[in-house]
Amino acid sequence: MRHLLWIGLIAPVFSSPAFGWGCEGHQIVALIARAHLTQATSAAVDELFRSTPIDPALNRFCKDRPNDPLADAATWADDTKSAEKTSVWHYVDIPRSATAVTSIDPWCPPIGPSVDGKNRPGCIVNAIEYELGILRDTSRTPGDSATALRYIVHFLGDIHMPLHDSDNNDQGGNCTSIQFFAEERPANLHAIWDYKLIQRELEKDKLSQPAYAASLNTRFADRFAAATSGPADAPLAWAWETHAISESITYGKLEPAIPVETPNPQSVCATERDKVQALHITIGEKYFAEAMPVIDERLATAGFRLAALLNATLR
Ligand SMILES: [Zn+2]
């Protein structure tokens with residue numbers, strides 16, 4: 001399935017199926033991580049990207065990219081996911097009703113090759129482990145390592161976005177219809193979390209991505225130790241942690257509430273959207289005030305964990 005992205009501030013707002021945190025979200029995560037890399041790791045990251053640059057012919061969705069190779073790399077996986085058949089690696093559709101005591105296996109098939117031009121099987125949890133395996137393998141070419149690093153930078157962002165770890169037969173909130181402030185047309189919950197809320201926040205404070213990353217770094221500095229206290233690579237735990245936030249905040253603060261559905265692989269997007277539309281949910285200042293601190297915390301946590309992971313892997 002399909003997730004929309006945190007679209008760039010100056011990028012046109014569009015509604016085609018796409019990515020995870022949009023441009024700003026991914027860039028901010030990378031910039032927060034950069035501030036916590038050791039000197040050696042920071043140099044290793046830059047050297048890898050310098051050795052195998054992103055194909056200049058690749059059409060980059062994010063036009064406003066900070067002048068930092070890690071932030072530039074952070075959105076590459078969205079630009080290439082249809083060509084690379086890796087779309088399903090960006091999320092895991094854990095049903096809303098599931099709790100962390102159950103196995104993730106039903107929603108996360110083993111990583112495999114593309115067959116008949118279809119997407120490669122897998123999910124964000126095992127995709128992170130898979131790419132980490134490549135990055136750790138010193139017998140790999142610099143090109144393989146650079147690609148693995150680009151995936152990891154991106155997936156560490158996506159896995160901390162609540163709707164990349166949760167599903168209500170609605171493709172991670174994509175098949176919903178919600179009034180967002182006074183906008184002319186309704187939006188979907190995934191797009192609202194991808195970019196609409198953060199876009200509103202950045203515009204309100206007139207902040208660039210580097211300035212916002214710096215402010216989050218300061219605000220959440222005392223949370224670094226706790227966020228990185230577990231194993232450096234713990235994508236399963238991160239997915240469950242973020243799934244719980246989806247339930248308590250992303251879906252949980254909607255008024256009126258969207259009922260928790262019984263998982264149905266045959267659900268139809270348009271039907272699900274109609275059901276939500278009939279609830280006449282509006283997101284305004286109250287939800288914004290509840291969601292934004294959580295988005296900020298997720299971005300900071302993702303950046304901290306990315307730094308810890310790279311410091312442990314590229315020394
Ligand atoms: Zn993504």
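All of the numbers you see were taken from the coordinates with simple rules; none came from a lab. From a predicted model like this one, the values you see are computed outputs, not experimental measurements. For neighbour counting, all protein chains shown are included, and Cβ atoms are generated from backbone atoms with ideal geometry for every residue, glycine included.
Shown here is the pair-distance distribution of the range 255-300: with all Cα-Cα distances grouped in 10 Å bins from zero up to the longest one, the shares run 20, 36, 34, 10 percent. Rounded to two decimals, the Cα radius of gyration of the chain over 2.2 N^0.38 Å is 0.94. Over all pairs of different C-alpha atoms in the range 65-150, the reciprocal of the mean inverse distance, the Kirkwood hydrodynamic radius, equals 14.4 Å. Maximal additional length on extending the residue 255-residue 99 stretch stands at 53.9 nm, based on 0.36 nm per residue less the C-alpha distance. Distance between the pseudo-spin-label points of residue 57 and residue 179 (7 Å out from Cα toward the beta carbon): 4.9 nm. Take 50-57, 126-133, 162-169 and order them by the average number of nearby Cβ atoms within 10 Å per residue, most first; the result is 162-169, 126-133, 50-57.
For residue 286, the lysines whose Cα falls under 20 Å of its own Cα, not counting residues fewer than eight places away in the same chain, are 196, 204, 253.
Normalised by the number of residues in the chain, the mean separation of alpha-carbon contacts (under 8 Å, six or more apart) gives a relative contact order of 27 percent. Taken about its Cα centre, the chain carries a charge dipole of about 340 debye when Lys and Arg each add +1 at the Cβ and Asp and Glu each add -1 at the Cβ. Placing unit charges on each Cβ (+1 for Lys and Arg, -1 for Asp and Glu) gives the chain a dipole about its Cα centre, and among 179, 152, 265 the Cα reaching farthest toward its positive end belongs to 152. Any aspartates and glutamates with Cα under 19 Å of the residue 206 Cα? List them, leaving off those in the same chain fewer than 8 positions away. Cross-link targets: 24, 64, 194, 285, 296. If the cut-off is 15 Å between C-alpha atoms, which aspartates and glutamates fall inside it for residue 118, apart from same-chain ones fewer than 8 positions away? Within the straight-line cut-off, residue 118 pairs with 84. Using a Förster distance of 25 angstrom, determine the FRET efficiency expected from the C-beta separation of residue 83 and residue 268, and round it to 0.05. E between residue 83 and residue 268, to the nearest 0.05, is 0.35.
Principal semi-axes of the equivalent ellipsoid, √(5λ) from the alpha carbon gyration tensor of the range 100-201, are 31, 18, 13 Å from largest down.
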